[in-house]
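Shown next, in structure tokens, is the structure this report addresses.
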Amino acid sequence: MTFGQMLTMFRRCEMHVQRTIATGCGLAGKVLRSWLLTFNYVRNLCAHHARLWNRELAVKPLIPYERREPHWHAPVPVGNNRLFVVLTMLSCLMRHVAPHSQWRQRLYNLFDRYPDIPIAAMGMPADWRNHALWQ
């Protein structure tokens, strides 16, 4: 199944099914839907070798509500228009679907290997690893 097919299948599910799936990921249904749309957009950019690292996203994901997920909003809010939000969304979902994955450590290693990458252009705060969502 392609990512696009999975997205289509999810979108065609009844709302209670979408909510059940989203709840399993610690999210509201409409938030997960928006994340999947953003992932599909980013996947298509990558598939067509488009520049991603400093791009402003045309398909912006919803950020979870502050009262439900305060870490998305404080002490530093996660914006919804740069690569950092996509990486943060992936990190959050990986905690639910593959809690023993080394994905986050591999990402850290990648940034350690290339310290001159201008992370601010990706929407990343300088101390992003200390952000509550990355702990």
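The numbers here are math on the coordinates, done by the rules we state, and not lab data. All of these numbers come straight from a predicted model, not from anything done at the bench. So basically every Cβ, Gly included, is an ideal-geometry build from the backbone, and we count neighbours across all protein chains shown.
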Within a Gaussian network of the chain (alpha carbon springs, distance under 10 Å), most fluctuating of Met124, Met94, Met15: Met15
In a Gaussian network model over the chain where Cα atoms closer than 10 Å are linked, find which of Glu69, Glu56, Glu14 has the largest mean-square fluctuation. Glu14
Quick one: net charge of Ser91's neighbours, Cβ under 12 Å, K/R +1, D/E -1? +4
Determine which residues of the range 106-135 fall in the zone a paramagnetic label at Trp53 would reach in this model, i.e. backbone nitrogen under 14 Å from the point 7 Å along Cα→Cβ. 110-124
Taking K and R as +1 and D and E as -1, what net charge do the other residues with C-beta under 14 Å from the C-beta of Met6 add up to? +4
Descending semi-axes in whole angstrom, ellipsoid equivalent of the range 20-135, from the Cα gyration tensor: 21, 17, 15
As an exercise, use a Förster radius of 35 Å and the Cβ-Cβ distance of Thr23 and Trp103 to find the FRET efficiency, rounded to the nearest 0.05. 0.95
Could you tell me the calculated FRET efficiency between Met1 and Ala74, based on Cβ-Cβ distance and R0 = 41 angstrom, to the nearest 0.05? 0.60
Could you tell me which of rounded, prolate or oblate describes the range 35-89, using a ≥ b ≥ c as the square roots of the eigenvalues of the alpha-carbon gyration tensor, with rounded for a/c under 1.5 and, failing that, prolate when a/b is larger than b/c and oblate otherwise? prolate
Around Lys60, under 14 Å between beta carbons, what's the net of Lys plus Arg minus Asp minus Glu among the other residues? +3
Please give me, ordered by residue number, the trypsin sites (Lys or Arg not before Pro) of the range 99-135 that lie in loop per DSSP and have at most 13 other Cβ atoms within 10 Å. none
Angle between the chain longest axis and helix 103-113 axis [Cα atoms, degrees, rounded to 10]: 20 degrees
